[in-house]
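Structure first, then comments.
Bear in mind that the values in this text are calculations on the coordinates, not laboratory data. Worth saying up front: this structure is predicted, and the values here are computed from it rather than measured. Backbone-built Cβ (ideal geometry, glycine too); neighbour counts: all protein chains shown.
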Protein chains: 2
Amino acid sequence: MKEIKGNSHGGNLYLASKKFGIKEEDFLDYSANINPLGVPKQLEELIKNNIQNLVNYPNIDYTVLTNQVADFLDISSNNVIVGNGATEIIYLALEHLKIKKALMPVPTFSEYDGACKKYNVELQYHYLKDKNDFKLNVEELKDSINKDIELIFLCNPNNPTSTLMKKSEVLEIVDFAKGPGIFVILDESFIDLTDEEEENSLSKLVEQYNNLIIVRSFTKFFGIPGLRLGCGICNESLASEITKKRLPWSINYFATLLGEMLDKNNTYIQETKKWINEEPLWFYNELKEVQGIEVFKPNTNFILVKILDERFNSVSLRDSMGRRGILIRDCSNYVNLSDIYVRFAVKDRESNSIFLEKLKEILNERG
Amino acid sequence: MKEIKGNSHGGNLYLASKKFGIKEEDFLDYSANINPLGVPKQLEELIKNNIQNLVNYPNIDYTVLTNQVADFLDISSNNVIVGNGATEIIYLALEHLKIKKALMPVPTFSEYDGACKKYNVELQYHYLKDKNDFKLNVEELKDSINKDIELIFLCNPNNPTSTLMKKSEVLEIVDFAKGPGIFVILDESFIDLTDEEEENSLSKLVEQYNNLIIVRSFTKFFGIPGLRLGCGICNESLASEITKKRLPWSINYFATLLGEMLDKNNTYIQETKKWINEEPLWFYNELKEVQGIEVFKPNTNFILVKILDERFNSVSLRDSMGRRGILIRDCSNYVNLSDIYVRFAVKDRESNSIFLEKLKEILNERG
């Protein structure tokens, strides 16, 4: 038996099922931040109607998909690198950059750490402060850049804090970094799940920056983490170099079918936008009323929560919820978080109501 | 628009469709070596019935799939690395080995070359001889190993020559290499499409060799190059190290479903075995009767052919067949082959008969 890595990521239904003796399909998974509208009906039909095409290799250059993604984001296909999830793009970017030291505001998405380990990049942490609601202060970040730093990771909105930087703030950092040739990997994997995507994304500005690599994901918005699709966005020269490093046929054929529904007028997209405009705020307001926790205001489809009730920590709360068929994300393994932080996804109203009920049941129990 | 790499691999229906003005689905694709039984009905059902599960991340350790593959191959799961196609395994192996120089009998599968370029591995070619039907002579190979060589690539059966080495021959090389610590990457991607898989595969011997990494594919046998699934087989220590280098979630969820049909008694598997025992030999015998070509005896589901008719080369024959709706593989870009070599896949009897008819039409035309 292979060693099992434990719950170092959200979404490990397999382990949870073994641990809590509940079938995988019976869990409400609040540990992974996936659109509760689920797999788009249109994609489901595309998959069902094209199974026979699996007998063909995907087009190794992914020309059609690349153009579809570019059109959807209203940028040139020369700026787009499609990938096997946002994860492949992060790894490819680091492989290409060949840098030695990076600055990373923490807490943030743990896979940057994994990628840095793989490519022997030393990480310098920039500690975000709980008392500032984990918001990044641009001046403080600039102050922590020393001359060894060759790369800055930015995650906007940030995972797991759900904080969002304004475009002007991000640009200030990218501009500041440009002079000394410091690269910025800007992970916008959840920016399409904010209500200000257009206002805050830097996608359309990449041609002006030779130091900027944006990472985007289609996995979260379209509810398809099992299918794997993401992209990188950067200037033409970087995009061309990074594309050359992509593993041949790394994106499976079914994932390429998503390209066919990339259209702003698509119903699924519009419904998702409507949900993201309403539900996180509703869930946040409801959670604020629950005793024994502190709730950080979300900007996307997940919410960071601090446990105040001293009878619980992130593990025992996770287990209590787990036994009730709900998975949450224990955040104790994030750098700069401890065992009193957990993360909840935001789902549909019905699930969120069940979630609230179970959470209250646990926290209101007499000790 | 991204630069299009051209037909450097088989199976590029997208380009062929543009070039010949024929719809992708109307081609008979003899350029890629895929089981003509197509996508297994059982897998089709599994996909259709599990589309909703795409909302979950794949289990990052692929524990279930790894066990299913190991059981199927009757080896320990500690020896198995599942991957995003055989391709990911080849790249991971090279990434792990960190070697400087490799020996490669040519002609062979072009992706080894791609992987070596990526990891800065210098290649020394060992030229197989047309006059020996491109069969590898073990003594000659051993003679060409000098002390700089740290790795030998072996492809068994070899692509595109369709030659098969006996287990004893392969073992002689692996044993010879073991002493001086030379690694062997043994690509058995097509060995399940020979009629002597059990007799010739080294899968069950990996625990005895610390210098052997076997690569296997599920893509060709199960007709699913669009889905991507392969595995590496090696001793426990190598397997553990190489697994750590795998990209998180590199295998999509649908590909993991194939694990459920890995059973020797499976009808699809038995039908495929029956076909592979009969059809390549039939097609070979028929092709031998066609004037203007020399046909190399196949051991798996593709056939190397030399064009003797001086009116044609690999490009013009490919184009003539392409205009008739049949794709063949121009082999001129293989090292140690030239523009008089082409490769034909073996398909079902009906398609093979159409193929023969079109080929004769072209070669029998009066100049």
Cα point-scatterer Debye curve for the stretch A:283-367, base-10 log of I(q)/I(0) at q = 0.21 Å⁻¹: -1.00
Inter-copy spacing of A:Val335 label points, which lie 7 Å from Cα along Cα→Cβ, given in nm from shortest upward: 4.1
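Just the projected area, averaged over all directions, of the convex hull on the alpha carbon atoms of chain A: how many nm²?
Values: hull surface 74.0 nm².
Result: 18.5 nm².
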The protein assembly as shown, helix-only ellipticity at 222 nm - DSSP H runs n ≥ 4, -39,500 (n - 2.57), divided by all residues, nearest 500: -10500 deg cm²/dmol
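Report, to two decimal places, the Cα Rg of the stretch B:245-315 normalised by 2.2 N^0.38 Å (N = number of residues). It would help to have the intermediate numbers written out before the result.
Values: Rg = 19.1 Å, N = 71, 2.2 N^0.38 = 11.1 Å.
So the Cα radius of gyration is 1.72 times the expected 2.2 N^0.38 Å.
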For A:Val184, distant residues with modelled amide H under 5 Å away: A:Ile152, A:Leu212, A:Ile213
Under the Karplus curve 6.51 cos²θ - 1.76 cosθ + 1.60, θ = phi - 60°, whole-Hz ³J(HN,Hα) for the stretch B:220-229, x wherever Gly or Pro sits: 7, 4, 9, x, 9, x, x, 9, 6, 7
The stretch B:72-89 - phi-based ³J(HN,Hα) in whole Hz, Karplus 6.51/-1.76/1.60, Gly and Pro as x: 4, 8, 6, 9, 7, 5, 5, 9, 10, 10, 7, x, 6, x, 4, 4, 4, 5
Anisotropy class of the stretch B:1-150 from Cα gyration tensor, a/c 1.5 cut: oblate
Rounded to 5, the percent of DSSP beta bridges in chain A classed as antiparallel: 50 percent
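What fraction of the DSSP beta bridges in the protein assembly as shown is antiparallel, stated in percent and rounded to the nearest 5? Walk me through the intermediate numbers first.
Details: 38 of 76 bridges.
Of all bridge pairs located within the protein assembly as shown, approximately 50 percent are antiparallel.
Write out the trypsin sites (Lys or Arg not before Pro) in the stretch A:177-272 meeting two conditions: DSSP loop, and at most 14 other Cβ atoms within 10 Å of their Cβ.
Within the stretch A:177-272, the qualifying trypsin sites (Lys or Arg not before Pro) (loop, at most 14 other Cβ atoms within 10 Å) are A:Lys245, A:Lys264.
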Per-residue average of Cβ from other chains inside 10 Å of A:24-31: 1
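Per residue of A:240-247, what is the mean number of Cβ atoms on other protein chains within 10 angstrom of that residue's Cβ?
Working: counts 2, 0, 0, 2, 2, 1, 0, 15.
Other-chain Cβ atoms within 10 Å of each residue's Cβ, averaged: 3.
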Under 5 Å, built H, 5+ apart or other chain: amide partners of A:Cys155: A:Asp187
Cα-based convex hull volume of the protein assembly as shown per residue, rounded to whole Å³: 154 Å³
For the stretch A:240-253, 3J(HN,Hα) per residue [Karplus equation, 6.51 cos²θ - 1.76 cosθ + 1.60, θ = phi - 60°, Hz, x = Gly/Pro]: 5, 5, 5, 4, 4, 8, 5, 4, x, 6, 5, 9, 6, 4
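From other protein chains only, count the Cβ atoms within 10 Å of every residue's Cβ in B:41-51, then give the mean.
Details: counts 1, 0, 2, 4, 1, 0, 5, 4, 0, 1, 12.
Other-chain Cβ atoms within 10 Å of each residue's Cβ, averaged: 3.
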Alpha-carbon centroids, the stretch B:135-169 and the stretch B:327-349: separation in whole Å: 21 Å
